[in-house]
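One structure is given here, and the rest of the page talks about it.
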Amino acid sequence: MNSLRCTAPGQLAYGVEAMPDLRPNEAIVRIKRIGICGTDLHAYEGTQPYFSYPRILGHELAGEVVAIDGTTTFTLGEAVTIMPYFHCGSCIACRSGKPNCCQQMQVCGVHVDGGMREYLSVPTSSLLPGNGLSFDELALVEPLAIGAHGVRRAAVQPGEHVLVVGAGPIGLGVMEFARIAGGIVTALDINTNRLDFCQQQLQVPHVVDARSENPIKQIRAITNGDMPTVVIDATGSLKAIEQGFSYLAHGGRYVLVGLQKGEISVSHPEFHKREATLMSSRNATRSDFDHVMIALAIGQINPLTYITHHVSFEQVADAFASWLDPTSGVIKAMISID
């Protein structure tokens with residue numbers, strides 16, 4: 001089968017590999033769609049934590065079952081998406097019902113080779129049925145689940161102001177599920193095209209350009225002087241993460257969905273006087289995936305509007321670097337394998 005491997009930062013190479021073997025309690029999935037995530041882009045540029053080279057990228061996946069071991073409810077040819085987080089099942093996190101932050105976490109496309117290849121073997125426990133959704137929609141379930149999990153961590157309540165920093169695909173998912181939870185959403189970004197997208201496609205009520213004069217003043221006005229009780233970072237930018245503390249209301253919650261390699265600096269007195277809560281949000285759980293699937297099924301979200309770039313598998317190596325350029329207009333790139 002054909003594959004595409006990131007051999008070093010800035011380098012992608014096509015290759016031919018053996019077909020995967022069907023192992024106990026696993027299924028072989030023929031990959032049909034691969035969504036490109038910030039994780040993939042950061043790995044390509046060499047800034048992704050928990051990453052080593054060479055690696056086959058790709059964890060936002062949709063495909064069809066071509067082989068399966070054991071007795072399951074899945075059938076050959078069935079459309080599926082994949083929960084790409086392979087956990088140990090025995091560590092303190094797994095025993096506590098938090099397999100998304102397993103101590104021995106193996107994320108497909110990060111710690112182990114991912115889906116930028118024609119066939120992938122995965123545990124049957126990682127499969128979710130397509131339930132009539134298109135392959136494009138199924139490949140968007142995982143990034144939406146990341147957003148849903150972040151909103152669940154924040155415990156967003158109806159009527160409270162939620163500031164989402166970063167209007168990339170993960171940030172868009174955060175905004176969608178903050179809206180579904182009843183939050184009043186403000187989007188903050190430095191990319192005006194993405195802010196326009198938030199207003200026009202997602203009907204986000206408030207947007208703020210982080211490069212404009214005094215964004216804090218604008219956010220204070222939006223929140224009637226209170227500042228947001230929930231701030232969620234979806235940038236992975238150290239500067240943005242550190243700036244995010246200044247947007248937080250007294251008594252508020254700050255959730256880091258975005259991830260970067262360095263250390264975070266914060267004014268302890270400013271954080272302390274707010275009696276603020278700082279949380280990280282990692283991956284997602286099956287309940288988050290189920291929440292997303294229901295939201296898609298009943299039309300609460302139309303994520304197909306996120307897809308700005310479609311490419312074939314053969315075009316990926318040439319196109320990949322351009323997706324790092326903000327002027328490319330990319331929100332979500334989607335790869336098709338036929």
* Asked: So which of 96, 134, 121 ends up being small (Gly, Ala, Ser) and either modelled with pLDDT under 95 or open to solvent by 50 Å² or more (accessible area, probe 1.4 Å) (or both)?
  -> 96
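The rows are residues; the columns are (1) open to solvent by less than 70 Å² (accessible area, probe 1.4 Å); (2) at pLDDT below 95; (3) in a helix (DSSP H, G or I); (4) small (Gly, Ala, Ser).
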{"residue": "226", "(1), (2), (3), (4)": "no, no, no, no"}
{"residue": "232", "(1), (2), (3), (4)": "yes, no, no, no"}
{"residue": "245", "(1), (2), (3), (4)": "yes, no, yes, no"}
{"residue": "251", "(1), (2), (3), (4)": "yes, no, no, yes"}
{"residue": "260", "(1), (2), (3), (4)": "yes, yes, no, no"}
{"residue": "271", "(1), (2), (3), (4)": "yes, no, yes, no"}
{"residue": "278", "(1), (2), (3), (4)": "no, no, no, no"}
{"residue": "295", "(1), (2), (3), (4)": "yes, no, yes, yes"}
* Any hit, segment 322-333, residues being at positive phi, in contact (Cβ under 8 Å) with a residue 12 or more places away in the chain and open to solvent by 20 Å² or more (accessible area, probe 1.4 Å) -> yes
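Mind checking which residues of segment 50-76 are of a type outside the set (Phe, Trp, Tyr) and more than 21 Å from residue 2 (Cβ to Cβ)? Break it down stepwise before answering.
In the first step, residues of segment 50-76 are kept if they are of a type outside the set (Phe, Trp, Tyr); the result is 52, 54-73, 75-76.
Result: 52, 68, 69, 70, 71, 72, 73, 75, 76.
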* Taking the condition among the aromatic types (Phe, Trp, Tyr) and either within 24 Å of residue 312 (Cβ to Cβ) or surrounded by 19 or more Cβ atoms within 10 Å (Cβ to Cβ) (or both), does residue 53 pass? -> no
* **Some residue of segment 71-78 being within 30 Å of residue 261 (Cα to Cα) and either charged (D, E, K, R) or in a strand (DSSP E or B) (or both)** => no
* Asked: How many residues are over 25 Å from residue 119 (Cβ atoms), among the β-branched types (Val, Ile, Thr) and outside any helix (DSSP H, G or I) if we restrict to segment 298-327?
  -> 3
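Does segment 5-20 hold any residues that are in a strand (DSSP E or B) and either over 30 Å from residue 45 (Cβ atoms) or of a type in the set (Ser, Thr, Tyr) (or both), and which are they? Give the steps one after another, and end with the answer.
First, the residues of segment 5-20 that are in a strand (DSSP E or B): 5-8, 11-16.
7, 14 - these are the residues of segment 5-20 that are in a strand (DSSP E or B) and either over 30 Å from residue 45 (Cβ atoms) or of a type in the set (Ser, Thr, Tyr) (or both).
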* Scan segment 177-194 for residues that are open to solvent by less than 10 Å² (accessible area, probe 1.4 Å) and not in a strand (DSSP E or B) and jot them down. => 177, 178
* Asked: How many residues, within segment 21-45, are open to solvent by 30 Å² or more (accessible area, probe 1.4 Å) and part of a loop (DSSP other than H, G, I, E, B)?
  -> 5
* Do the conditions hold for residue 105, that is, is it closer than 19 Å to residue 259 by Cβ and buried (at least 18 other Cβ atoms within 10 Å of the Cβ)? -> yes
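Within segment 196-218, count every residue that is farther than 21 Å from residue 229 by Cα and surrounded by 18 or more Cβ atoms within 10 Å (Cβ to Cβ). Write out each step before concluding.
Step one: list which residues in segment 196-218 are farther than 21 Å from residue 229 by Cα, which gives 196-197, 199-202, 211-213.
Applying the additional criterion that residues be surrounded by 18 or more Cβ atoms within 10 Å (Cβ to Cβ) yields 197, 202.
Residues that pass the stated criteria total 2.
Could you tell me how many of the residues in segment 137-176 are buried (at least 21 other Cβ atoms within 10 Å of the Cβ), of a type in the set (D, E, K, R) and touching a strand residue (DSSP E or B) at 6+ places or on another chain (Cβ under 7 Å)? Can you show your working first?
Start the filter on segment 137-176 by keeping residues that are buried (at least 21 other Cβ atoms within 10 Å of the Cβ), which leaves 137-151, 154, 156, 160-176.
After this cut, where a residue has to be of a type in the set (D, E, K, R) as well, the list is 137, 142, 160, 176.
With touching a strand residue (DSSP E or B) at 6+ places or on another chain (Cβ under 7 Å) added as a condition, the list becomes 142, 160.
Number satisfying all stated conditions: 2.
For residue 239, state whether it is farther than 22 Å from residue 151 by Cβ, touching a residue at least 60 places away in the same chain (Cβ under 8 Å) and surrounded by fewer than 22 Cβ atoms within 10 Å (Cβ to Cβ). So that I can check it myself, show each step before the final result.
On the way: farther than 22 Å from residue 151 by Cβ: yes; touching a residue at least 60 places away in the same chain (Cβ under 8 Å): no; surrounded by fewer than 22 Cβ atoms within 10 Å (Cβ to Cβ): yes.
When the stated conditions are applied, residue 239 does not pass them.
The values are calculated or read from the model by the stated rules, or taken from the named source; none is laboratory data. Just so it is clear, the structure is predicted and the values come from calculations on it, not from any experiment. Glycine also receives a Cβ, built like all others from the backbone with ideal geometry; neighbour counts cover every protein chain displayed. Just so you know, the surface numbers come from the protein's heavy atoms only, side chains and all, with ligands and any DNA or RNA stripped out. Shrake-Rupley method; radii C 1.70, N 1.55, O 1.52, S 1.80 Å.
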